[in-house]
Amino acid sequence: MGTSPYHPIYDITKTFEENLALGPNPNYKATVKAPLSKKTYSLLGYKVKSPFGAAASPTGADSRYIKAMFDSGYDIVTSKTRRSVYYRPNSFPNIVHIVPGKILKNHNFKELPDRTTASSSDYATLTIANSYGNNSLDPRYWVPDAQKANAEVGKGQLLITSIVGTIQPGFTTEDYYQDFATTALLAKQSGAKVIEINFSCPNVMNEGVLCYDPLAVRAVCQLVRQTVGNTPLIAKIGYFPQPEQLLLEAVATAAAPYVNAISGINTFAAPVYDEAGNQALPGKGRLRAGLSGHAIKDLGLDMTKRLVTIREQKGYKYEVIGVGGVLTPKDFKDYRSAGADAVMSATGALWNPNLANQIKKTL
């Protein structure tokens, strides 16, 4: 599990199915006490005890994991991404440790930075690569389970349901876009207060990454908005290298009339090799995996600043949710200083049950 003293909520040495059967690690419990405070913060029209939470990842695998996160002080929790159909995960392993080293915003992204696996990580530079293929539980399981999770949300807490569309046999492009709306409706029927549209998972070959297509973003956002009415919506996007600034502005413009927030970034897709120089994760199309943790903080922070600037320059109303490499209270503070209305963590939250309360102590 690495050299940190923490007890990750999810065992990366086991399959997703095994983790789901076992439930969250019982040792994942905050030992740091958050100070009592009557102050609240606003996110998407809801009052929360802190503007910090857990991004879509295995921390939101099901209602048991979600409850463990809330119990550990995470006031905003995002479910793992849901689909309208069962979608199996990629073959094991799905998460591997990576040799640390930040990817900088001025990197020449015409050549993706490759990374090498490691046997473990120090928490201070914790970087992982994940490759689940954006799997999903069957809606016959996740919808009633989400109803249970939503019913258990406490005062000052917010549960966000992450959704994505699924390409199915015989689907046209329009059918695929409509399936985002179908899944969003399932989420709303499960009691979702906020829905996040995942435009940015880099680990599914046949579906691609829609966040770089403004026309697709607009079409999906419009369909989902028409389907869920006034339910707050978040568009989750990936990293746009700085030469793609005009494309980022076009995507923000496409989403802005329909969503209440834009979240970024998702994991950053990069080639991942083992120590012998071979593809680290087995299977076709899995040379690239999604990097998260320490390595991508500068990219996430850069996107937060640029989304805030676009909002100010164009007079848009969306809130900005900063994600990427948040492992410490300082990381949280950096995102807030950059203008993030809320900050989310995936890797830090996965490993460290104390992170939320450590951040609350600095508010």
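What follows is calculated from the coordinates using simple rules that are stated; it is not laboratory data. Values in this document were obtained by computation on a predicted structure and should not be read as measured data. Please note: Cβ atoms are built from the backbone with ideal geometry, for glycine as well, and neighbour counts cover all protein chains shown.
Restricting attention to segment 14-32 and to residues that are of a type in the set (Val, Ile, Thr) and surrounded by 12 or more Cβ atoms within 10 Å (Cβ to Cβ), the residue that is nearest to Asn352 (Cα to Cα) turns out to be Val32.
Name the residues in segment 42-54 that are out of contact with any helix residue (DSSP H, G or I) (no Cβ under 7 Å at 6 or more places or on another chain) and either closer than 22 Å to Lys333 by Cβ or without any contact (Cβ under 8 Å) to a residue 60 or more places away in the chain (or both), would you? The answer is Ser42, Leu43, Leu44, Lys47, Val48, Lys49, Pro51, Gly53. Of the strands (runs of 3 or more DSSP E) entirely within segment 246-309, those holding at least 2 residues that are in contact with a helix residue (DSSP H, G or I) (Cβ under 7 Å, 6 or more places away or on another chain) occupy 261-264, 288-293. The set of residues from segment 290-319 being aliphatic (A, V, I, L, M) and surrounded by 22 or more Cβ atoms within 10 Å (Cβ to Cβ) comprises Leu291, Ala295, Ile296, Leu299, Leu301, Met303, Leu307.
For segment 17-55, the tally of residues that are of a type in the set (Gly, Ala, Ser) and not in a loop (DSSP other than H, G, I, E, B) stands at 4. Got a sec? Which of Ser42, Ser84, Ser63 is farther than 14 Å from Asn352 by Cβ and touching a Ser or Thr at 6+ places or on another chain (Cβ under 8 Å)? Result: Ser84 is the single residue among Ser42, Ser84, Ser63 that is farther than 14 Å from Asn352 by Cβ and touching a Ser or Thr at 6+ places or on another chain (Cβ under 8 Å).
Of all residues in segment 275-289, those satisfying the criterion of being touching a residue at least 12 places away in the same chain (Cβ under 8 Å) and surrounded by 13 or more Cβ atoms within 10 Å (Cβ to Cβ) are Ala280, Leu281, Gly285, Arg286, Leu287, Arg288, Ala289.
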